[in-house]
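Below is one structure, written out as structure tokens; the observations come after it.
The values are calculated or read from the model by the stated rules, or taken from the named source; none is laboratory data. Everything numeric here is computed off the predicted structure, so don't read it as measured data. Cβ atoms come from the backbone with ideal geometry, glycine included; neighbour counts cover every protein chain shown. Heads up: the accessible areas ignore ligands, DNA and RNA and are worked out on the full protein's heavy atoms, side chains in. Shrake-Rupley method; radii C 1.70, N 1.55, O 1.52, S 1.80 Å.
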Amino acid sequence: AEDPNTGAVRAYYGGANGVGLDYAQALKQPGSSFKPFVMAAALRHDPPIGLGTTFDGSSPQVIAGQTVANSDGDSCDECDLQTAMTRSINTVFYQLAIEVGPTNVAAAAVDAGIPADLVSNPTGGIALGDKEVHPADMASAYATFATGGLYRHPHLISKVQALDGQVLYEAPDDPGQRRFSDQIARNVTESMINVASASRIPLSGNRPVAAKTGTTQNAIAGQNKDAWTVGYTPSLSTAVWVGTDDNSPIKTSAGRPIYG
């Protein structure tokens, strides 16, 4: 979890073993939690493709030579991009990525804060999160939208102070780098504003939150191997990944598949 306004990391959990694999820095496919970067690329397109633009959300579809299907049978004959984000319609976002260009989706992700080497040579599958990223990167990249398009480099240490009170180190104020216009960032936020409530994970007190879930399917039919929720308020951007060391199916205590 990161403070978008300073880049300060407010919470960090890499697993129970402090000298083992750091899961916050492990490479995992983000699934549909990558769709906001497709939305950002669409808004930067010339001409811009806005939230009210409608697409065929039926399933399955053959798009650019690939058969694309929606999860859980959730489809729409025609829906706008905000609805498609809320319902996580794969066929819509795959079409959108092809229309704006996968390289432009990758560029939007990099501008937000995803390392460039992780999204090289993209195809339409980037819309569905086929490129592996770190959970820490996702929190930082979403923070860029939370600040209205300003990227701040994340940092863990704010100050080092000696016993006598002498300040040995203090992180400099980061004014942020303009990566997206305020309007584009606000529209990306708007596209995600209904996801948490639709996914039955709203914040307490009905506080507004921009969020996106993501799920990666296991090789075993009907099972999943990765589940994500990434989201932000103006004061905190948080990414959570759930999975296993060996990509085995992730299940609830009742034995049902875990979704983002």
Exercise. For the chain, what is one quarter of the convex hull surface built on the Cα atoms, given in nm²?
Worked result: 15.9 nm²
Problem set entry | Tail weight of P(r) past 23 Å, computed on alpha-carbon pairs of region 2-156, percent | 39 percent
For this session: Would you tally the net charge around ALA143, using a Cβ to Cβ cut-off of less than 10 Å, leaving ALA143 out, and scoring K and R as +1, D and E as -1?
Result: -1
Exercise. Volume per residue, Å³, of the convex hull around the alpha-carbon atoms of region 184-227?
Worked result: 91 Å³
Exercise. Which of ASN104, ASN247, ASN194 moves most in a GNM of the chain, Cα contacts under 10 Å?
Worked result: ASN247
Exercise. Stretched out fully, how many nm does the piece from SER235 to ALA171 gain, at 0.36 nm a residue minus the Cα gap?
Worked result: 21.2 nm
Exercise. HIS45 to SER120: FRET efficiency via 1/(1 + (r/R0)^6), r the Cβ-Cβ distance, R0 25 Å, to the nearest 0.05?
Worked result: 0.75
Exercise. Can you give the extra length, in nm with one decimal, that the chain gains between ARG10 and ARG178 once fully stretched, where that is 0.36 nm per residue apart less the Cα-Cα distance?
Worked result: 58.2 nm
Exercise. Roughly speaking, what is the centre-to-centre gap between region 219-257 and region 71-104 when only Cα atoms are used, to the nearest Å?
Worked result: 21 Å
Exercise. Which value, in Å², gives the accessible area per residue of the chain when a 1.4 Å probe is used on the protein heavy atoms?
Worked result: 48 Å²
Exercise. Once you put a point 7 Å from the Cα of LEU27 and another 7 Å from the Cα of ILE201, both along the Cβ direction, what distance in nm separates them?
Worked result: 2.5 nm
Exercise. Going down the table (LYS28/LYS131; LYS212/LYS251; LYS35/LYS131), which pairs top 18 Å between alpha carbons?
Worked result: LYS212/LYS251
Exercise. Once every DSSP H run of n ≥ 4 in the chain is given -39500 (n - 2.57) and the sum is divided by its residues, what mean residue ellipticity at 222 nm do you get, rounded to the nearest 500 deg cm²/dmol?
Worked result: -7000 deg cm²/dmol
Problem set entry | Net charge over other residues, Cβ less than 14 angstrom from the Cβ of ALA116 (K, R count +1; D, E count -1) | -2
Exercise. Carbon-plus-sulfur fraction of the accessible area of the chain, 1.4 Å probe, in percent?
Worked result: 50 percent
Exercise. How large is Rg over Rh for region 21-98, taking Rg from the Cα atoms and Rh as the Kirkwood inverse mean of 1/r across Cα pairs?
Worked result: 1.03
Problem set entry | Nitroxide proxy distance, nm - points 7 Å out along Cα→Cβ at ASP72 and LYS251 | 2.0 nm
Exercise. Among THR86, THR144, THR244, whose mean-square fluctuation peaks in a Gaussian network model of the chain (Cα, cutoff 10 Å)?
Worked result: THR244
Exercise. Rounded to the nearest 0.05, what FRET efficiency is calculated for VAL19 and VAL62 with R0 set to 45 Å and r the Cβ-Cβ distance?
Worked result: 0.40
Seminar exercise, completed: With HIS134 itself left out, Lys, Arg at +1 and Asp, Glu at -1 over residues whose Cβ is under 10 Å from its Cβ give -2
Seminar exercise, completed: Hits in region 33-54: amide N under 20 Å from the 7 Å Cα→Cβ extension of GLN217, namely 33-35
